[in-house]
Amino acid sequence: MQAAIIPRLALQGSDGRMRGMADALRARRLNRRLAPVYLVTMKRLPRVTGILLVVCALGAPAGAAGSRWFRQGFTPFNYDITDEAQQNVYALINPRQDVIAHHIDNGVPWPEIAAGTPYHPNVESDLAERLSSTPSGMTIYLATSPINTGRDGLADYWGQDANMPRPGVWADRDFDDPEVIAAYLDWCRDLLDRFQPRYFNFAIESIELALNAPGKWDSFMTLVREVYPRLKREYPTVLIFVSITLRDPGTPEMLTLRPYIDQVMQHSDMMTVSTYRYIFGADPNKGDPSTLPPDWLSQARDMAPDKPFAVAETGWLAETLWIPEWNLFVTGNPTWQDDYVTRLFTDADALEARFVIWYLPVDYDNLYWWLVQLGLAKPTWLLWKDTGLWDGTVTPRPSLSTWEAWKSRERTYVPPPVPDGAAWGGTALRVTPTAGDEVTVSWDATTCPAPGYHLVWLDLTLLPSFEVVDEVCSAGTAGSWSGPAPSGTLLGVVAVSNDAGAIEGSHGFDHLHGERPGRSTNCGFATKRIDALCGP
């Protein structure tokens, strides 16, 4: 039986409402910086009017059998209203993940952030609990949004509860209001300063706004065009992006969304997706993962082939979903969920995904029971209730074994960035004239050593094309290379790390702190990776 009509507003972003409601119920019951960074200096050298000194880079070897490209993580969503349950969630997921997802879709404390006054204690306690429960040194994926959980307007207010009506003068403001933009920038800055993430999603499921309220899209894009470049300048070591949602390739909705996706991807470091195909799929038997289109994930990568890919959130039914109010019936079972995890990881690995986030660790049967008792249960709450890798009794499902088997694989090695003397520490790259027409290029190969390095020379008179004019395919591992500079009146040289194989790293940032489009064209590097860290 296929759904006839599913109210769109009920399908989007209930995660913020869910966590906020869980916290509220618990309170009632208890009564209480370049990935990489660059430096620019001009020097006069023989035959070279200017040398652009760029410190950059990373790399990674091709994925071998038994390895994985991506990090695996969960959102720490509570399955009950007790403190013990929340603590147990972290105890379950932390040993089984190498990235943690802090998905903050509870609204924005608009008046407080604008006035520079303290947030409501409930906001502070939520943020503090997340931080205190995050293991030291774990990679962090952080997400928030200026869009409300209905994905049809400006985010609601986060105060005593999550997603409350915006108060006072904030009630009628829109995305392009200067005070909204300023406040949202400060909200993002505060979260970035607190959490120190590697990955930051500043507009969760952004593209849904184009479907639900297309008249607000231009206003939203005004905010995006202001927020993205400012955050990139201030936090250059963070990958900053928006996420989109997926439908079946070639469907009318997906075709409608394509131009909007192209717009927003111009202001996003990554292509990250939110995917719940058992809800949005076009196949009548969409609870069976064998009906997944072969290009379910790759369609997203194809829309932004030069950007890193990741799965920002996903899940799959382990029990049958039945919502009479929407005439929505989707068959589910633990075997199909396990099949989906296998398909998900296989496809993500083929796409060299940076991370994959499973939205709900444990079925929230107990939390839903409380909602029913209090008369607060809504159809939306059923959509994700039975998608945990643990069931409602916290008993593992078969999919958890598949998850753990992939987690036990060694991650594909990613060389760290070349130090820049600033954000990445170490010593900045230098170019000095030597004998005759020769120059010496020196970079820090000690602080964060890589298996190999190469040099890429650029013709700066052709900017912004970053046209490659020459390459030194093997520059050694000592951090120094001497030789003649290519012919040209204004040249730039980029030191790039590699895996001593087929993968090169970043070519540095452009003036907007986005990744330069350059690639090594002659040295045989088939892949470019731009998200490595100097560290674990």
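What follows draws every value from the coordinates through simple rules; no lab data is involved. Computed from a predicted structure; not experimentally measured. Neighbour counts run over all protein chains shown; Cβ positions are idealised from the backbone, glycine included.
When the helices in the chain are scored as -39500 (n - 2.57) per DSSP H run of 4 or longer and the sum is shared across all residues, what 222 nm value do you end up with, to the nearest 500 deg cm²/dmol? Intermediate values should be presented prior to the final figure.
Details: 14 runs with 151 residues, N = 536.
Mean residue ellipticity at 222 nm (helix-derived): -8500 deg cm²/dmol.
About the centre of its Cα atoms, the chain shows a dipole size close to 600 debye [charges on the beta carbon of Lys, Arg (+1) and Asp, Glu (-1) only; nearest 20 debye]. For segment 425-471, applying the loop criterion from DSSP together with a ceiling of 14 other beta carbons within 10 Å to the GluC sites (Glu not before Pro) yields GLU467.
Order of CYS448, CYS523 from fewest to most other C-beta atoms within 10 Å? Write down the numbers at each step before the final one.
On the way: CYS448 21, CYS523 18.
So the residues, fewest neighbours to most, are CYS523, CYS448.
When DSSP beta bridges are restricted to pairs lying wholly in the chain, around 45% turn out antiparallel.
With a Förster radius of 30 Å applied to the beta-carbon distance between ALA171 and LYS378, the computed FRET efficiency rounds to 0.80. Extent of segment 205-313 along its three principal axes (Cα atoms, max minus min coordinate, largest first): 46, 32, 19 Å. Just to check, using Stokes-Einstein with a Kirkwood Rh over alpha carbon pairs, what's the diffusion coefficient of segment 400-478 at 25 °C and 0.890 mPa s in µm²/s? Diffusion coefficient, whole number: 156 µm²/s. Note down the net charge around GLN263, summing +1 for each Lys or Arg and -1 for each Asp or Glu among other residues with Cβ under 11 Å from its Cβ. Counting the neighbours of GLN263, the net charge comes to 0. For segment 117-166, rounded, prolate or oblate, judged on the Cα gyration tensor with a ≥ b ≥ c (square roots of eigenvalues), a/c < 1.5 rounded, else prolate if a/b > b/c? It is oblate, given that a/c is not under 1.5 and a/b is not larger than b/c. A Förster radius of 35 Å, combined with the Cβ-Cβ distance separating TRP322 from GLU84, puts the computed FRET efficiency at roughly 0.70.
Please give the net charge around TRP369, taking every other residue with its beta carbon less than 12 angstrom from that of TRP369, where Lys and Arg add +1 and Asp and Glu add -1.
Numbers: positive: LYS385; negative: ASP80, ASP363, ASP365.
Net local charge, TRP369 excluded: -2.
Residue-normalised convex hull volume from the C-alpha trace of segment 151-219: 106 Å³ per residue.
The alpha-carbon atoms of segment 324-454 define a convex hull whose volume equals 206 cubic angstrom per residue. Positive contributions from Lys and Arg (+1) and negative ones from Asp and Glu (-1), summed over other residues with Cβ under 12 Å from the Cβ of ILE113, come out at -3. Each of ASP126, ASP186 has some number of other Cβ atoms within 10 Å of its Cβ, and from fewest to most they run ASP186, ASP126. In segment 219-360, a dipole from Cβ-located charges (positive for Lys and Arg, negative for Asp and Glu) runs towards its positive end, and of ILE244, THR335, THR275 it is ILE244 whose Cα lies farthest in that direction. Can you work out the base-10 log of I(q)/I(0) for segment 244-296 at q = 0.20 1/Å, using the Debye formula on its C-alpha atoms alone? Results for segment 244-296 at q = 0.20 Å⁻¹ read -0.74.
Given q = 0.07, 0.13 Å⁻¹, what are the Debye log10 I(q)/I(0) values for the chain, with equal point scatterers placed on the Cα positions and solvent ignored? With one equal scatterer per Cα and no solvent, log10 I(q)/I(0) is -0.41, -1.29.
Stokes-Einstein diffusion of segment 139-274 at 10 °C, 1.306 mPa s viscosity, Kirkwood radius from Cα pairs, rounded to a whole number: 104 µm²/s.
Can you put TRP322, TRP158 in order, fewest other beta carbons within 10 Å first? Could the numbers behind the result be given before it?
Details: TRP322 13, TRP158 27.
Result, fewest neighbours first: TRP322, TRP158.
When N counts the residues of segment 286-348, how does its alpha-carbon radius of gyration compare numerically with 2.2 N^0.38 Å, as a ratio?
In units of the globular-protein estimate, segment 286-348 measures up at 1.30.
Provide the convex hull volume over Cα atoms per residue for segment 88-218, in Å³.
On the way: hull volume 15.4 nm³, N = 131.
Dividing the Cα hull volume of segment 88-218 by its residue count gives 118 Å³.
For the chain, lysine pairs with C-alpha atoms less than 25 angstrom apart, excluding pairs fewer than eight positions apart on the same chain, total 9.
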